[in-house]
Each structure stands twice: as structure tokens, then as C-alpha cells.
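The values are calculated or read from the model by the stated rules, or taken from the named source; none is laboratory data. Just so you know, these numbers come straight off a predicted model, no measurement behind them. No Cβ is skipped: glycine too gets one built from the backbone with ideal geometry, and neighbour counts run over all protein chains shown. Keep in mind that these areas ignore ligands, DNA and RNA; they rest on the heavy atoms of the full protein, side chains included. Shrake-Rupley method; radii C 1.70, N 1.55, O 1.52, S 1.80 Å.
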Amino acid sequence: MSDFLSLLVNGASVGMIYALVAVGFVIIFRATRVLNFAHGEFMTVAAYLSVTLTLSVLALPFVAAVGVAVVVTAVIGVLVFALLMRPLLGEALWAPVMVTIGLTVVAQSVIKIIWHGNPEILRPPWPRTGVHIPGADILVSNYVLATIVIAGVFFALLIAFFRYVGLGRQMRAAAENPRLASWSGVNVMALFAGAWAIAGFAAALAGVAVGVGGIVTAELGAIGLRAIPAAILGGLDSVSGALIAALIVGFVEVAAAEYISSSTRDIAAFCVMLAVLLVRPSGLLGSPEIKRI
């Protein structure tokens with residue numbers, strides 16, 4: 001029983017990181033119909049920037065360094081939309097996708113130029129011990145607890161923002177019908193830029209979480225690609241679906257590595273995604289797209 005609970009907790013931690021990345025895919029796709037393949041590089045920039053701010057002459061406290069890194073990454077998201085994506089709105093689907101792929105290559109080169117691809121360690125302010133759960137005989141590390149709590153709070157605030165805040169409802173309206181929202185006086189382009197900012201914010205949190213739990217490297221962005229199954233499995237237009245699917249993917253990966261072999265971890269999520277899409281092509285909570293012929 002304790003082994004299963006340990007897998008459940010570790011799976012939730014991995015799943016929450018995937019959820020932070022997957023929700024970025026979902027928010028950007030809902031707003032601008034673009035699958036941003038450079039999303040993982042947002043994670044890498046935030047993680048390296050956090051390390052730099054804590055170790056540089058500034059020597060900022062951990063929380064301040066992470067705050068600056070998250071804000072900078074959100075601004076990068078806005079700039080990417082304004083300079084690269086906005087001119088391509090309404091163009092063929094492959095055009096913005098190819099731009100994001102090209103942006104991935106450029107971002108990886110810039111990251112290696114600035115940080116030389118050297119592995120770095122992002123040290124959190126809390127000790128690397130854990131909390132013992134009474135009656136379960138398992139020790140949950142502070143990193144795992146922090147990841148689950150911070151990601152959980154972020155999702156609670158995000159879902160509340162889209163449901164109860166006027167600006168959030170306007171973003172949903174602009175994503176569902178940009179032309180009608182524009183006719184109603186909504187600044188659609190500003191809201192789309194805001195969607196890219198939120199996606200960058202979430203990716204930055206994921207990058208910091210991965211950096212705290214391990215080592216920051218130039219290959220950190222590969223996690224962004226591993227989160228794509230969660231985004232598709234949950235439905236590319238559902239924030240709640242991204243969260244639920246990411247938790248499923250996280251648990252499946254951890255369980256596959258534990259009960260089958262570590263080599264099956266990378267393919268387990270894709271197998272689950274394919275199995276679900278065969279039954280429900282729009283994903284677990286995605287809305288079926290109906291087209292008039």
C-alpha cells in the first residue's frame with residue numbers, strides 16, 4: 001500500500017509539471033489556433049534566468065529571482081505573439097507552426113550562447129528533506145510538496161480567472177469567436193497577447209520546478225514535447241482537461257517505469273493518448289469540432 005501511495009504522490013508531482021506546460025499549449029491554441037513547439041524553451045529560459053539571478057552579482061533571494069524570471073518569460077510570450085504570431089493570424093495552419101519550430105532552433109542556440117549549455121543547480125530556500133505521512137509509511141520530499149501545492153494554487157486561480165473575472169470571460173469569448181468579440185468592443189489582439197503571457201508564466205513555473213528537482217540543462221525544453229500528450233489527451237480547448245490528463249500521464253509514466261521498465265516511461269503516455277483518441281478524438285474534455293459541409 002505504501003508503495004502505491006508513493007507512486008501516486010510522485011505521479012502527481014510529475015503530472016503537475018506536465019499540467020503547467022500543457023495548459024500553455026491549451027491557452028495558446030484556444031486563442032490563436034497555434035501549437036507552440038517552442039513552449040519548452042520558455043521553461044529553459046526561466047530556469048536558467050532564475051539560476052543566474054540567484055548566483056550573479058545581484059544575488060537575489062530565491063523567490064525574487066523566480067518572480068523576475070516568471071515575469072520576463074511572460075513578456076517574452078507577448079513579444080513572440082506581437083512580432084511573429086500576430087502577422088500570421090488567419091494564414092494556413094502550417095505557417096505559424098513552422099515559425100514556432102524555427103523559433104525553437106533559434107532559442108536553443110541563444111540559450112547555449114548565453115549560458116554555454118552548462119548544467120546548473122537551482123537551489124530552493126527549503127531543505128531537501130521531506131514530510132513523513134503518518135500511517136502511510138512514506139516520506140514526501142519538500143520539492144514534491146512544493147510542486148503540487150504551487151501548481152495546484154496556480155490552476156485554482158486560473159480556472160477562477162476564466163470563470164468569474166470579467167477579463168477572463170472576455171478572453172474565453174475572444175478565443176471562441178474573435179470576430180463577434182471584436183464587434184462587441186473587445187480588444188481581441190490584446191487578449192491574445194495576454195494568453196501568450198499566461199502560457200509563458202505557466203511554462204516558467206514548470207521550468208523552475210524541474211530545475212529545483214534536478215539540474216538545469218539546455219535540454220530542459222524536451223519536457224515541453226513530453227507534455228503534448230497531456231494537452232491532446234485532455235482536449236486542446238480545455239484547461240481542466242489539461243490538468244486531469246497531465247495527472248493521468250504523470251501517474252502512467254511513473255507506474256510504467258516502476259512496474260515494467262524505465263525504457264517504457266517515454267512511450268507510456270503516447271500509448272494512453274492514442275488509446276483514448278481512438279474512442280474520443282476530441283480528448284477527455286475537449287469540445288468536438290463540428291463543421292458544416
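Some observations on this one:
- Unique residue being modelled with pLDDT of 90 or more and in contact with a helix residue (DSSP H, G or I) (Cβ under 6 Å, 6 or more places away or on another chain) when the list is Leu84, Leu79: Leu84
- When residues of region 137-167 are limited to those that are open to solvent by 30 Å² or more (accessible area, probe 1.4 Å) and not in a helix (DSSP H, G or I), the one modelled with the lowest pLDDT: Asp137
- Residues of region 241-252 that turn out to be farther than 19 Å from Gly40 by Cα and either open to solvent by less than 40 Å² (accessible area, probe 1.4 Å) or without any contact (Cβ under 8 Å) to a residue 24 or more places away in the chain (or both), as a count: 2
- One residue alone among Leu145, Leu225, Leu191, Leu157 is of a type outside the set (Gly, Ala, Ser) and touching a Ser or Thr at 6+ places or on another chain (Cβ under 9 Å), and that residue is Leu145.
- Of residues in region 83-123 being open to solvent by less than 50 Å² (accessible area, probe 1.4 Å) and among the small types (Gly, Ala, Ser), the one nearest to Val21 (Cα to Cα): Ala107
- Residue identified as more than 20 Å from Phe161 (Cα to Cα), in contact (Cβ under 8 Å) with a residue 60 or more places away in the chain and not basic (Lys, Arg) among Ala227, Ala257, Ala275: Ala227
- Filtered residue count, region 168-198, keeping only those that are among the small types (Gly, Ala, Ser) and either in contact with a His (Cβ under 7 Å, 6 or more places away or on another chain) or surrounded by fewer than 16 Cβ atoms within 10 Å (Cβ to Cβ) (or both): 4
- The set of residues from region 15-38 being over 12 Å from the mean Cα position of the chain (by Cα) and aromatic (Phe, Trp, Tyr) comprises just one member, Phe29.
- Of the residues in region 142-149, not one is farther than 22 Å from Ala65 by Cα and either out of contact with any strand residue (DSSP E or B) (no Cβ under 6 Å at 6 or more places or on another chain) or in contact (Cβ under 8 Å) with a residue 60 or more places away in the chain (or both).
- Selection from region 266-276 of residues that are open to solvent by 40 Å² or more (accessible area, probe 1.4 Å), more than 20 Å from the chain's Cα centre (by Cα) and of a type in the set (A, V, I, L, M): Leu274, Ala275
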